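The structure appears below as C-alpha cells.
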Amino acid sequence: MILSDLELKKYVEKYKMIEPFEDTRLVKLDKKISWGCSSYGYDFRLSDEFLVPKKNYQIILDPKNFDIKKFKKVKLKEYTIPANNFVLARSLEYFRIPRDILVVVFGKSTYARCGLVVNVTPLEPEWEGYVTISIINPLSHKIKIYANEGIAQAVFLKAEKLCKISYKDKQGKYQAQRDITVAK
C-alpha cells in the first residue's frame, strides 16, 4: 500500500521520519523547483553540498575501491553539471525509515525534461540518514541544478508484514550517513 499524505504525516510525527518536514503540499515559490508533501509522496530537496569529479577525464571509478581523492567537495547555491558527467550530492532532509516502510525515489519531472537522470537506490526498512544522490548528465550540453530546491520524489510503500531482517539489523554500511557517502 502506498502512504497517502495524511498517513505520511502520521508516520513523520511518530518516527520523525523526515527532518525538516514541509507538510504544505508542494511548496511553490517564484522560480523555485517545488518540494514538500504531495498526494502520495514527498518531494525532497537538494542540499548545497556537492562532490564533483576533478578535471581528470581519465578517471576510472571502481565501486570496490572508490578513490575519494579524485573528487572535490564544494558548497554552492547552484551547480552546472558538464556534458557527459555526474555529481554526487545529498538530500537536505534527514530520513528515518520505519520497519514497515520501503521508499522508492524518482527524479522530479522538471529535471527529467531537461535530460537529467537522478538516481537513488531504495531506502530500506530501518535505514536512516541523508540520502546520497547520483545526478547524471548524459547529454552533450550542460545542465544546472539548484540547492535548497526539489530534486526527487520519495514514495512510501507500507508492508503488510514486517520484514525479517531490516537494514539496521544487518548493520548496513550506509546506515546513519551524515554526509555525501561514496561507494564502500
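The values are calculated or read from the model by the stated rules, or taken from the named source; none is laboratory data. For clarity, every value in this text was computed on a predicted model and none was experimentally measured. Glycine gets a Cβ as well: all are built from the backbone with ideal geometry, and neighbour counts include every protein chain shown.
Taking the criterion of being of a type in the set (A, V, I, L, M) and surrounded by 20 or more Cβ atoms within 10 Å (Cβ to Cβ), the residues of segment 108-130 that qualify are LEU116, VAL118, VAL120, LEU123. Restricting attention to segment 57-100, the residues that are closer than 23 Å to ASP23 by Cα and outside any loop (DSSP other than H, G, I, E, B) total 7.
Taking (1) on the phi < 0 side of the Ramachandran plot; (2) more than 19 Å from the chain's Cα centre (by Cα) in turn, LYS31 satisfies each apart from (1).
Restricting attention to segment 145-162, which residues are in a loop (DSSP other than H, G, I, E, B) and of a type in the set (A, V, I, L, M, F, W, C)?
Kept after step one, since they are in a loop (DSSP other than H, G, I, E, B), are these residues of segment 145-162: 147-149, 159-162.
Correct list: ALA147, ALA159, LEU162.
Inspection of segment 119-138 finds a residue satisfying the criterion of being of a type in the set (Asp, Glu) and over 26 Å from SER34 (Cα atoms).
Residue count for segment 33-51, restricted to those that are farther than 10 Å from GLU93 by Cβ and among the hydroxyl-bearing types (Ser, Thr, Tyr): 4. In segment 167-184, the residues that are farther than 19 Å from PHE50 by Cβ form Cβ pairs under 6 Å with partners that are crowded, with 16+ Cβ neighbours inside 10 Å, at six or more places apart or across chains, as follows: TYR167/GLU124; TYR167/GLU126; TYR167/TRP127; LYS168/GLU126; ALA176/GLU128; ALA176/GLY129. Of all residues in segment 8-36, those satisfying the criterion of being modelled with pLDDT of 95 or more, assigned to a loop (DSSP other than H, G, I, E, B) and exposed (fewer than 15 other Cβ atoms within 10 Å of the Cβ) are LYS16, PRO20.
Meeting the requirement of 2 or more residues that are of a type outside the set (A, V, I, L, M, F, W, C) and touching a residue at least 12 places away in the same chain (Cβ under 8 Å), the strands (runs of 3 or more DSSP E) wholly within segment 101-144 are 128-137.
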